[in-house]
Amino acid sequence: FPSFTTLSHNSPYPSISPTRPSFSTTSKTIVITGGGSGIGAGIAQAFALAGSTKIAIISRTESKLLNTKHTIETKFPQAQILAVPADITNPQQINSAFAQIYDTFGPIHVLVANSASMPPPSAIASPTFDAHGWWDAFGTNVLGALNTVTAFAKYAAHEGAQVLNISTAVAHMPALEPGVSAYAASKLAAAKMFEYVALENPGWNVVNVHPGLVDTELSRTAGHGGVDHVDLPGHFCVWLVSPEAQFLRGKFVWTNWDVDELMARKEEILGSDVLDLKLGGVSF
């Protein structure tokens, strides 16, 4: 894959270590959708490593949530993990989930919108194409993300709220792989939606994030494996909510990119449409 930075990482490295004192999230309440397994569980663990004591994880499958809760609380006894089963496509359930989190932990500082649906590969014009399955991806990846961020808005901290949308590189890449149009198109729609969330909420730090190619149940369902360490996206997310990374507000970034190089290009990124979602070759 191409890289915006000269260095490209497949595993965590010191510059994004959650143990760095300046990255401490001790005072912050964190909410992660899709937090029961895979990338979401790794992100929850990274915030616990950064000192978070109030972390809520949301998923449809309660057993996965409880397993992740047990794993993190065993490893980090200071952390309280609130496991909240909910379907993000159901606005009543997700609103109730955020109300429960607020009642337990108070105002929410960081939302990681990580839930996703990736149907098995299917070419649009093929005889076996499943239009309903194709559209279901939009239910989770777009409507579910919308339900999540609107629920978050009701309970977000008044100052310093942050939203990380876990997206995918295929949302902004040329169409290179047949059969993944549902995932690519729905994640692109969600990423554009989160750009508007950033525009309409100037007090929030909102970033779209490609988490890398991690071997998860979701990626295996789509016939993919992974080359990136499961801890990489979590460590990168902790860096993204740190003071160092606030210049990336409204941008689309990859967890593989070297953060020291990104910071060295801060003025270039701030002063242009670099890392925006846009038509290639056309600047605004």
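The values are calculated or read from the model by the stated rules, or taken from the named source; none is laboratory data. Every value quoted in this text rests on a predicted model; they were computed, and no experiment measured them. Using ideal geometry, Cβ is built from the backbone for each residue, glycine included, and neighbour counts are taken over all protein chains shown.
Of note:
- Test set (1) assigned to a strand (DSSP E or B); (2) of a type outside the set (S, T, Y); (3) closer than 27 Å to W134 by Cα; (4) touching a helix residue (DSSP H, G or I) at 6+ places or on another chain (Cβ under 6 Å) - L188 fails condition number: (1)
- Qualifying position, being at pLDDT 95 or above, buried (at least 20 other Cβ atoms within 10 Å of the Cβ) and either under 18 Å from Q162 (Cβ atoms) or in contact with a helix residue (DSSP H, G or I) (Cβ under 9 Å, 6 or more places away or on another chain) (or both), among P233, P202: P233
- All positions within the range 26-55 that are touching a His at 6+ places or on another chain (Cβ under 6 Å), surrounded by 24 or more Cβ atoms within 10 Å (Cβ to Cβ) and either among the basic types (K, R) or closer than 19 Å to T104 by Cβ (or both): T29
- Pair list, Cβ under 6 Å, 6 or more apart: the range 186-199 residue more than 15 Å from G250 (Cβ to Cβ), other residue in a helix (DSSP H, G or I): S186/A137; S186/F138; S186/N141; S186/V142; K187/N141; K187/A171; L188/A171; A189/V142
- Failed item, numbered, when I16 is tested on (1) under 19 Å from A145 (Cα atoms); (2) touching a Leu at 6+ places or on another chain (Cβ under 9 Å): (1)
- Yes/no for G226 being within 28 Å of T6 (Cα to Cα), in a helix (DSSP H, G or I) and not hydrophobic (A, V, I, L, M, F, W, C): no
- Cross-chain or 6+ apart pairs with Cβ under 9 Å, the range 1-22 first and touching a residue at least 40 places away in the same chain (Cβ under 8 Å) and closer than 22 Å to F76 by Cα, then of a type in the set (G, A, S) and not in a loop (DSSP other than H, G, I, E, B): P12/A46; P12/G234; P18/A46; P18/A48; P18/G234
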